[in-house]
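> Got a structure for you, questions after.
The values are calculated or read from the model by the stated rules, or taken from the named source; none is laboratory data. A quick note: this is a predicted structure, and the numbers were derived from the prediction, not measured. Virtual Cβ from ideal backbone geometry, glycine too; neighbours counted across all protein chains shown. Protein only, heavy atoms only, side chains kept; ligands, DNA and RNA dropped before computing areas. Shrake-Rupley method; radii C 1.70, N 1.55, O 1.52, S 1.80 Å.
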Amino acid sequence: MSEEDKNQEQKPNIDPIDVVEIMKMIPHRYPILLVDRLIDYKEDEYAVGLKNVTMNEPHFMGHFPGMPVMPGVLIVEAMAQTSAILVVKTLGDEARGKVVYFMTIDNARFRKPVVPGDSVYIHVTKVKQRGPVWKFDGIAKVGDTICAEATFSAMLTDQEAGTI
């Protein structure tokens, strides 16, 4: 393999994946679809998703009145959705019509509130995979500031979306 081939092989994919394409890959829809765009990824390794937080999201009516804060559980869900997109991109046709479900969430830490107007960059890195089970590390950032982090695992199931 030439040096040019090696460099080409190691390059991340910088073609963003928009929300319309994301909705073809995972079954989530508003108000629970929490990834607006995949801005960077390398199949089988990592992905970076983007969530633009807006005041008109339904959870802000009660979390918290007069001081809107995005619930931490939704930040972790955004990490899981970014990971699911990475799994689908990595597996291609093998993942068509299947669903990626959460299995575990470990070491979740919430360091800074996420508020309307923030653009949250969701960085997920594959730690390992064994069969249909995938493990990831996730970090959510606003600018250079880490807002949340977690380690989690998910399973690709044969259950097709919309058949429950």
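> Inspect all residues belonging to region 101-113 and state whether any of them is in contact with a strand residue (DSSP E or B) (Cβ under 9 Å, 6 or more places away or on another chain), under 20 Å from MET23 (Cα atoms) and assigned to a strand (DSSP E or B).
Yes: one or more hits.
> Read through the list (1) in contact with a Phe, Trp or Tyr (Cβ under 9 Å, 6 or more places away or on another chain); (2) surrounded by fewer than 12 Cβ atoms within 10 Å (Cβ to Cβ), then give the number of the only condition that LYS51 fails.
(2)
> Between GLY49, GLY66, which is of a type in the set (Gly, Ala, Ser) and touching an Asp or Glu at 6+ places or on another chain (Cβ under 9 Å)?
Matching residue, one of GLY49, GLY66: GLY49.
> Given the conditions (1) modelled with pLDDT under 95; (2) among the basic types (Lys, Arg); (3) loosely packed, with under 15 Cβ neighbours inside 10 Å, and given that LYS98 satisfies all but one, which numbered condition is not satisfied?
Single failed check for LYS98: (3).
> Please go through region 109-132 and give me each residue that is under 16 Å from the mean Cα position of the chain (by Cα), open to solvent by less than 60 Å² (accessible area, probe 1.4 Å) and more than 17 Å from VAL73 (Cβ to Cβ), ordered by number.
Residues satisfying the conditions are SER119, LYS126.
> So, one more: So VAL127 passes all but one of these: (1) hydrophobic (A, V, I, L, M, F, W, C); (2) part of a strand (DSSP E or B); (3) in contact with a helix residue (DSSP H, G or I) (Cβ under 7 Å, 6 or more places away or on another chain). Which condition number does it fail?
Condition not satisfied by VAL127: (3).
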